[in-house]
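Here is the structure we will look at, set down as structure tokens.
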Amino acid sequence: MGMVVMASTASSKSSRCFLALALLVPALTWASDWRITPRITLSEVYSDNPDLVSSSQAKSDWITEITPGISVQRDGGRVKVHADYRMTGLIYASDSSRNDIYHGLDGKAFAELVQDWFYVDATARISQQLREGASTGDTGVVGVGGVGGVGGGVGGGGQVGISGINNTSQVGAYSISPYLKRRLGSFATVEARVTYDDVIASDSQTSDGKTTRYRLSAVSGNLYYPLTWSASYDRSDTNNSDSDDSSDDRAAINARYVLSKDFSLLAQASLEKNDYSGVGEDEEDYKSYGVGVSYTPSRRFSADVFYNDSNADDDDKYISGSVTLNPTLRTSIKASSTQRSYGESYGLNLSHRTRQSTWSLNYQDDLTNSQEQFLNYAGTQYAHNCGGQIIFSNSPVPPAGCFAVPGLNQNINQSQSDETYTSKILSGAVTYTRRRSTFMLSTYLNKRQFQSSGDDEKTYGLQGSWDLKTSPSTTFTLAGGVSKEEYSNGGDGDDLWNLGLVVTHNFDSKVSGNVAFRRQQRSSDQPGESYKENAVAARLNMSF
């Protein structure tokens with residue numbers, strides 16, 4: 001069985017269509033196990049500035065939004081599918097020439113074609129992404145199909161409507177990854193994988209990108225215990241339509257020799273080869289190797305520490321490793337440090353739960369680009385309330401036993417660029433639930449350093465929300481926050497603040513509605529980039 005979704009949209013460059021391959025599923029024999037849920041959302045939106053332009057140019061309008069969608073799921077042992085597709089039609093009361101249709105798709109599938117031997121992974125995605133040069137603050141107001149949020153934080157009334165849609169382009173992507181994975185007795189488990197990625201950007205200055213990735217890996221069994229080892233090799237080749245092609249190779253070998261229950265000896269070696277526009281000589285061919293020790297006195301503490309040597313010019317010797325702490329069953333902390341071709345690299349994952357609250361703090365960095373971020377889903381995460389705990393998923397459809405929380409959708413979209421860049425993201429959030437109220441506070445810091453131009457970009461912000469359940473079927477959500485953007489090419493940057501209120505009522509298990517209000521304002525040192533907007537919307541959601 002296969003599913004193919006076609007998406008087309010008008011473009012200032014040209015009229016074009018793109019094909020997104022959604023899911024590959026091997027047979028019809030499991031048809032009875034599929035769960036298919038169609039739905040439709042009807043909205044009426046009023047905005048006094050839907051284009052998010054300066055006050056002197058602002059023109060108010062009423063916009064009718066019609067969004068049919070369908071969710072397809074299967075969780076069988078050998079076939080797993082999760083897909084959500086929606087098509088949003090926008091009808092403008094004052095200017096019918098602006099009427100348009102936008103598509104959204106989030107799909108992933110897994111199939112075991114030959115038992116314990118041959119597998120296929122597949123993903124597909126369509127969404128609205130910021131164009132190159134657009135302000136990342138505008139992510140807070142793109143609302144097609146309920147999208148909202150600001151830079152990884154909480155959106156101010158994210159389901160008010162579709163303000164700022166003119167600053168986006170429709171991007172589609174699919175990935176197909178067949179692979180062989182086999183356990184060779186007690187010797188090792190081996191994997192050979194090839195992945196075909198395609199990112200297709202419409203009405204954008206960002207190149208379309210076709211990437212072929214190869215991966216070989218092996219993880220030892222217990223044949224040589226107390227010696228264990230792992231080895232991997234990855235290569236990717238990317239062809240860009242309007243910019244230089246790129247490629248990279250990465251190889252790694254790790255070994256561990258267990259001396260006792262608490263101590264192990266460690267060894268590692270790695271290689272990175274990068275070929276992209278703007279790469280420095282010290283980043284083209286980066287090698288490192290090291291030896292270390294592992295100490296695990298209890299389940300609550302473990303540490304791996306390496307002493308390394310590399311071919312880096314400025315600091316060829318360095319200490320790396322990771323520490324894991326689990327002081328309680330509800331608290332987990334893992335911190336790591338190493339060195340990559342672009343410099344020092346760190347990682348942090350902290351989580352803590354109490355009976356009424358959840359806490360999290362995360363940091364990650366990588367060498368990446370816009371196409372790769374889109375494939376890895378740097379996009380909208382939809383908020384759902386599950387027993388008083390706010391969780392996020394790729395699908396706007398709440399999991400069983402949960403309900404959607406309008407206005408809390410997270411959106412980490414970034415302006416598109418053809419450049420390779422280092423991405424450093426720090427984010428934290430706390431959720432507190434007491435009786436009928438849920439409070440959420442989140443913060444983020446996102447730094448990007450572009451390798452070709454040398455420009456830097458930094459965005460950071462603080463967002464909060466209060467979710468009040470006044471009855472079993474009615475919820476009030478008040479959300480708002482501030483964000484800041486700074487650029488290395490001068491100026492004071494941009495400031496964006498937003499405040500929204502959403503009242504949601506569940507009429508029954510398949511019908512819900514909400515009324516939303518939003519106020520937002522952006523201050524910019526760039527001429528014509530400042531704006532103010534007030535908006536109100538009524539929305540009806542029905543599933544069948």
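The values are calculated or read from the model by the stated rules, or taken from the named source; none is laboratory data. Just so it is clear, the structure is predicted and the values come from calculations on it, not from any experiment. We place every Cβ from the backbone using ideal geometry, glycine too, and count neighbours over all the protein chains shown.
Here are some notes:
- Residue within the range 352-371 that is closer than 18 Å to Asn506 by Cβ, of a type outside the set (Asp, Glu) and at pLDDT below 80 present: no
- Exclusive hit being surrounded by fewer than 16 Cβ atoms within 10 Å (Cβ to Cβ), among the polar types (S, T, N, Q) and either assigned to a loop (DSSP other than H, G, I, E, B) or in contact with a strand residue (DSSP E or B) (Cβ under 8 Å, 6 or more places away or on another chain) (or both), set Gln520, Gln526: Gln526
- Filter result (in contact with a Phe, Trp or Tyr (Cβ under 7 Å, 6 or more places away or on another chain), surrounded by fewer than 23 Cβ atoms within 10 Å (Cβ to Cβ) and modelled with pLDDT of 85 or more) within the range 481-504: Val482, Lys484, Leu501, Val503
- Within the range 189-220, being surrounded by fewer than 19 Cβ atoms within 10 Å (Cβ to Cβ) and among the hydrophobic types (A, V, I, L, M, F, W, C) holds for Val190, Ala192, Val194, Leu216, Ala218, Val219.
- Among the residues of the range 275-299, those identified as assigned to a loop (DSSP other than H, G, I, E, B) and either exposed (fewer than 13 other Cβ atoms within 10 Å of the Cβ) or modelled with pLDDT of 95 or more (or both) are Gly280, Arg299.
For every residue, the table says whether it meets (1) out of contact with any Ser or Thr (no Cβ under 8 Å at 6 or more places or on another chain); (2) at pLDDT below 90; (3) under 21 Å from Asn506 (Cα atoms); (4) crowded, with 20+ Cβ neighbours inside 10 Å.
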site: Pro38; (1), (2), (3), (4): no, no, yes, no
site: Leu52; (1), (2), (3), (4): no, yes, no, yes
site: Thr67; (1), (2), (3), (4): no, no, yes, yes
site: Arg78; (1), (2), (3), (4): yes, yes, no, no
site: Asp84; (1), (2), (3), (4): no, yes, no, yes
site: Met87; (1), (2), (3), (4): no, no, no, no
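- Leading residue by the ranking (modelled with the lowest pLDDT) among those in the range 161-178 that are buried (at least 23 other Cβ atoms within 10 Å of the Cβ) and hydrophobic (A, V, I, L, M, F, W, C): Ile162
- Residue ID - farthest from Arg39 (Cα to Cα), chosen from residues in the range 66-84 that are out of contact with any His (no Cβ under 9 Å at 6 or more places or on another chain) and touching a residue at least 60 places away in the same chain (Cβ under 8 Å): His82
Residue-by-condition table, conditions (1) among the hydrophobic types (A, V, I, L, M, F, W, C); (2) modelled with pLDDT of 85 or more; (3) touching a Cys at 6+ places or on another chain (Cβ under 7 Å):
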| position | (1), (2), (3) |
| --- | --- |
| Asn411 | no, no, no |
| Glu419 | no, no, no |
| Ser423 | no, yes, no |
| Leu426 | yes, yes, no |
| Ala429 | yes, yes, no |
| Thr433 | no, yes, no |
| Phe439 | yes, yes, no |
| Ser442 | no, yes, no |
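- Whenever a residue of the range 420-443 is assigned to a strand (DSSP E or B), its partners that are buried (at least 19 other Cβ atoms within 10 Å of the Cβ) and aliphatic (A, V, I, L, M), lying with C-beta atoms within less than 6 angstrom and at least six residues away or across chains, give the pairs Thr422/Leu367; Thr431/Ile390; Thr431/Met440; Met440/Ile390; Ser442/Val154; Ser442/Ala429.
- Condition met for Asp249 (at pLDDT below 85, out of contact with any helix residue (DSSP H, G or I) (no Cβ under 6 Å at 6 or more places or on another chain) and not β-branched (Val, Ile, Thr)): no
- Hey, Leu113 modelled with pLDDT of 90 or more, closer than 19 Å to Asp61 by Cα, hydrophobic (A, V, I, L, M, F, W, C) and assigned to a strand (DSSP E or B) or not: no
- Of all the criteria given as (1) surrounded by 14 or more Cβ atoms within 10 Å (Cβ to Cβ); (2) within 30 Å of Asp61 (Cβ to Cβ), the one not satisfied by Phe507 is (1).
- In the range 306-331, the residues that are crowded, with 16+ Cβ neighbours inside 10 Å and not in a loop (DSSP other than H, G, I, E, B): Phe306, Asn308, Ser310, Tyr318, Ser320, Gly321, Ser322, Thr324
- Of the residues contained in the range 456-467, one or more are found to be over 27 Å from Gln373 (Cβ atoms), assigned to a strand (DSSP E or B), at pLDDT 85 or above and in contact with a strand residue (DSSP E or B) (Cβ under 9 Å, 6 or more places away or on another chain).
- Qualifying residue in the range 374-392 (condition: at pLDDT 75 or above, crowded, with 20+ Cβ neighbours inside 10 Å and farther than 21 Å from Gln128 by Cα): no
- Counting only residues that are farther than 27 Å from Asp208 by Cβ and buried (at least 18 other Cβ atoms within 10 Å of the Cβ), the range 415-438 holds 6 of them.
- Scanning the range 470-501 for residues that are of a type in the set (Gly, Ala, Ser), part of a strand (DSSP E or B) and either closer than 16 Å to Tyr444 by Cα or touching a residue at least 12 places away in the same chain (Cβ under 8 Å) (or both) yields Ala479, Gly480, Gly481, Ser483, Gly500.
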